[in-house]
Amino acid sequence: MNAFNIGGLKMIIEKKFLNKIKDFGLNSYEAKIWTALLSRGISTAGELSEISNVPRSRSYDVLESLERKGFIIMKIDKPIKYMAVPPEEVIERVKKKTLEDAQKQVDIIENLKTSDVLEELKRIHSKGIDFIEPQDLSAYLKTRNHYYNQIDSMIKNASSSVFLMTTEEGLIRKSEELKRAFSKASKRGVKIKILAPLTKKNELAQEILKKYAVLKNIDKATMRICIVDNEEIVFALLSDNVDPNYDSALWIKSEFLANSLNSMLQLLWNQKLEKKTV
């Protein structure tokens, strides 16, 4: 709990509430002073320091920061007073600033694609590959997010084929997480095949994926595996219903293993199954 003194009375502010205010991009002192100013509408730095229990020596810096962020307005007076910007207006300002910052970052990354820096990094990386031992071409992927990031990267760099086997729920996730990668790979002429239970539950995912891939039904699927160009493999180590934060997988670059697993999936693909290929 945080006690705010307002007009001689104490207003109790839940710590949980103050933590939520930090979602606006504020630190603890900023959240306290802004909340205090909202409760007064207009106030001096000294009053806000007393109300919010923020040290007076810090209150001026905090108010200056809030003004830069667009949360408050400084009113030229003696003494200087501060006015709170309505919360709904603050949300719009925060949203606009966040979008602008994100676009700037995207532009920087896009510019890197055509820069000399990227070419130099690629040169360094290609030289480093020469020193990698075959047994080092593998990695343990923690969390489902890392698992999908790796598959996404593999599909984006695929030159000829992508072969996946997944579960009923996995098909839905892949239609959401990998749609753009599938689309780009398909346009390059990469052949994409997906084995999965094709059910009522994942009908929408089927409609999305069949634009880029050939889907075939398999009644039961517990394995989640992706083979790209018959040389790279990612396969999940745990069942599909595990918490995403505890999901894990292995990435291996091995033509021998990839071809062996591809042959196994191809046997399943060629079986006569109840549902038709879509």
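Read-outs: derived from the displayed coordinates by stated rules, not from any lab. All of these numbers come straight from a predicted model, not from anything done at the bench. In this analysis, Cβ positions are derived from the backbone assuming ideal geometry, glycine residues included, and neighbour counts consider all displayed protein chains.
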(request) Tell me, rounded to the nearest percent, the portion of alpha carbon pairs in the chain spaced more than 34 Å apart. (result) 48 percent
(request) Have a look at S263, S138, A221 and report the one farthest towards the positive end of the charge dipole of the chain, computed about the Cα centre with Cβ charges (Lys/Arg +1, Asp/Glu -1). (result) A221
(request) Taking the dipole about the Cα centre of segment 135-270, with the C-beta of Lys and Arg at +1 and of Asp and Glu at -1, give me whichever of Q206, Y148, V162 is farthest to the positive side. (result) Q206
(request) Could you check which residue among S39, S138, S160 shows the biggest mean-square fluctuation in a GNM of the chain with a 10 Å Cα cutoff? (result) S39
(request) Using only alpha carbon pairs under 8 Å that are at least six residues apart, calculate the relative contact order of the chain and give it in whole percent. (result) 14 percent
(message) Which of T35, T98 has the fewest other C-beta atoms within 10 Å, and how do the rest follow up to the most?
(response) T98, T35
(request) Quote the charge dipole size of the chain about the Cα centre in Debye, to the nearest 20; the model charges only the Cβ of Lys and Arg (+1) and of Asp and Glu (-1). (result) 720 debye
(message) Apply the a/c threshold of 1.5 to the C-alpha gyration tensor of segment 196-278 and tell me whether it is rounded, prolate or oblate.
(response) oblate
(request) Counting other beta carbons within 10 Å of each Cβ, put T199, T167 in order, fewest first. (result) T199, T167
(request) Name the long-range amide H neighbours of S161: under 5 Å, sequence gap of 5 or more, or other chain; modelled H, no Pro or chain starts. (result) K191, D229
(request) List the aspartates and glutamates whose Cα lies under 14 Å from the Cα of K20, skipping any in the same chain that are fewer than 8 positions away. (result) E30
(message) Report the per residue volume, in Å³, of the convex hull enclosing the C-alpha atoms of segment 135-270.
(response) 96 Å³
(request) Within 10 Å of each residue's Cβ, count the other Cβ atoms and sort F163, F24 from fewest upward. (result) F24, F163
(message) Take the residue pairs K95/K201; K174/K216; K113/K184 and return only those whose Cα atoms are more than 25 Å apart.
(response) K95/K201
